[in-house]
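> Okay, here's the structure, questions in a sec.
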Amino acid sequence: MDYFPVFLDLKKRRCLLVGGGEVATRKGRMLAKAGAVLRVVAPEISSELRELIASSGGELFAREYQTSDLQSCVLVIAATDIESVNEKISADAQALNLPVNVVDTPALCTYITPAIIDRSPLVIAVSSGGEAPVLARLVRAKLETLIPASYGKLAQIASLWRDRVKARFSDGDSRRKFWEKILQGPAAELMMNGQETAANNFIASELAADQAELTRGEVYLVGGGPGDPELLTLRALRLMQQADVVLYDRLVSDGVMELVRRDAERIYVGKRRSEHAMQQENINQLLVDLAKQGKRVLRLKGGDPFIFGRGGEEIELLAQNHIPFQVVPGITAASGCAAYAGIPLTHRDYAQSVRFVTGHLKSDDTNLQWPELANPTQTLVFYMGLVGLKEICESLITHGRAASTPVALIEKGTTQEQRVLISDLNSIADVVAQNDVHAPTLFIVGDVVKLHNTLKWFKAGN
Ligand code: SAH
């Protein structure tokens, strides 16, 4: 280890910053954030830095650096572009055993500043020992995406409840377990969603509960998008990585499943048309049972859970059983397929509205309003329509939509195997019959489909 990491308490302490340009201003900003009193020395000082000096209760010397500037300072930063001045500051500071940093000159530094992820009071510092600052910044960017902006709030609850938790659990082991559960469970999720009171109530009830009740689980109903794992939301990914058990169905792509926590138990609940691995009622009940065992249950669905996803039914039973849950939206197949096929769903010249329609005509509760669907300025996106394709096209034509209306059928949209077949209402069923098409497929009806040729991505298969 080339450098020893420490976190300095700079509150109300004087720090010397030599330099008044852009770099010095950036450093001044960080020092001010940490509550330092700024002493800035430079012939010219930026207006932002002047404001920072004033608000930190610091001092400003509009002149060249001199050794006496170091007096009563606890930390030194040299950000001038004159080498000889930087060298002198470094030598002077080291003679007084003051920690000194000369920007971008490791040889003159006794400490270096890391890339920072600030979720105060949680602060993460990343350093490459000055060898590869860009790499350190890339690592920071990765961590930024992994650690939600609201993570700092967890430290707040931890600090608020620390003494009470200590009183409740005298041995360190059960205390640690309790905190692990709180910081990865419903209380943490509530806190990060801005529901502070509910989070505190939850912790209070957990603390009051006896040991048996302490095992309360929760359910995450998560939209896994149409296939491409890169279309997952950050929240979806985070919950996928903390779940104990996952219930998934056929529409969830392999690429998405690979991102679920490795040691999570996996339960396939099927759902191919007419071949259900598990009845919906049983899925609903299983979610309740697993959560009651104290598990963090991920119900992972293709696309968006609230669009032809029966997500509403699944959480209804959870709500009745007072099981904490949250719903995470996903990119629905219509958006994903349209974007990846270069077909805008609305367009000033072609379509002023878009409808997502079920094509599952045989279901008892399907009763499509055909006359409404015939409106030529409206894009239609049919989900689950492959089997009924011919019937749907004929009904649209019968009710007045032009037989020449363009249709795009998108197979396995957004995945590596995506295929797009273009035709019109009159002929699409024949085109599909000739092309050995496999589920999942979705089709888009409307003049916007004309844009496919100009807007499609340049890649093989399209
Ligand atoms: N909740 C899902 C839809 C579930 S209904 C969502 O929001 O996307 C299942 C139907 O979605 C399939 O029959 C198919 O019409 C469509 N679908 C889902 N993923 C698809 C994909 N990758 N490509 C094409 N169609 C897809």
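> Provide the percentage of antiparallel DSSP beta bridges, counting only those with both residues in the range 16-125; round to the nearest 5.
On the way: 4 of 16 bridges.
Here the antiparallel bridges make up roughly 25 percent for the range 16-125.
> With each label point set 7 Å from Cα along the Cα-Cβ vector, what nm distance links residue 455 and residue 81?
The modelled label-to-label distance comes out at 4.6 nm.
> Still on this structure, I have one more. Modelling each spin label as a point 7 Å along the Cα-to-Cβ direction, I'd like the residue 113/residue 200 distance in nm, to one decimal.
3.6 nm
> Then there is this: Highest mean first, how do 23-34, 396-407, 54-65 rank when packing is the count of other Cβ atoms within 10 Å averaged over residues? Could you put the intermediate results ahead of the total?
On the way: 23-34: 18.5, 396-407: 16.7, 54-65: 14.8.
Taking the mean over residues of other Cβ atoms within 10 Å, the ranking is 23-34, 396-407, 54-65.
> Another question about this same structure. Using a 7 Å offset from the Cα along the Cα-to-Cβ direction at both residue 55 and residue 436, what is the distance between the two label points in nm, to one decimal?
Those two pseudo-labels are separated by 6.6 nm.
> How big is the convex hull of the Cα atoms of the chain, per residue, in Å³?
Working: hull volume 99.6 nm³, N = 462.
Convex hull volume per residue, Cα atoms: 216 Å³.
> Rounded to the nearest 5, what is the percent of antiparallel bridges among the DSSP beta bridges in the range 334-458?
Details: 16 of 22 bridges.
Of those bridges, close to 75 percent are antiparallel.
> On to the next question. Based on Cβ point charges of +1 for Lys and Arg and -1 for Asp and Glu, what charge dipole magnitude is obtained for the chain about its Cα centre, in debye rounded to the nearest 20?
Values: 51 positive and 54 negative charges, 153 e Å.
Dipole of the chain, to the nearest 20 debye: 740 debye.
> Per the Kirkwood formula on distinct C-alpha pairs, the Rh of the range 295-402 is how many angstrom?
Evaluated on the range 295-402, it is 16.1 Å.
> What order, most packed first, do the peptides 87-94, 177-184 have when packing is the mean number of other Cβ atoms within 10 Å of each residue? It would help to have the intermediate numbers written out before the result.
Working: 87-94: 18.9, 177-184: 15.9.
Descending mean neighbour count gives 87-94, 177-184.
> Tell me the mean residue ellipticity at 222 nm calculated for the chain from its helices only (DSSP H runs of n ≥ 4, each -39500 (n - 2.57), averaged over every residue, nearest 500).
Values: 17 runs with 166 residues, N = 462.
Rounded to the nearest 500, it is -10500 deg cm²/dmol.
> DSSP beta bridges in the chain, what fraction antiparallel, as a percent rounded to 5? Walk me through the numbers before you get to the answer.
Working: 23 of 62 bridges.
Bridges in the chain are about 35 percent antiparallel.
> Ranked highest first by average number of other Cβ atoms within 10 Å, how do 7-18, 236-247 line up? Working shown, then result.
Working: 7-18: 17.2, 236-247: 20.1.
Going from most to least packed, we get 236-247, 7-18.
> State the extension gain, in nm to one decimal, for the chain segment bounded by residue 319 and residue 3, taking 0.36 nm per residue of separation less the distance between their alpha-carbons. Present the calculation step by step, with values, prior to reporting the outcome.
Values: separation 316, 0.36 × 316 = 113.76 nm, distance 5.18 nm.
Here the answer is 108.6 nm.
> Okay, next question. Length gain on complete extension for the stretch residue 155 to residue 26, per 0.36 nm per residue less the alpha carbon to alpha carbon distance? Present the calculation step by step, with values, prior to reporting the outcome.
Working: separation 129, 0.36 × 129 = 46.44 nm, distance 2.69 nm.
In short, 43.8 nm is gained.
Rule-based calculations on the coordinates, nothing more; no lab input. Everything quoted here is computed from the prediction, not taken from an experiment. Quick reminder, even Gly has a Cβ in these numbers, built from the backbone with ideal geometry, and neighbours come from all protein chains shown.
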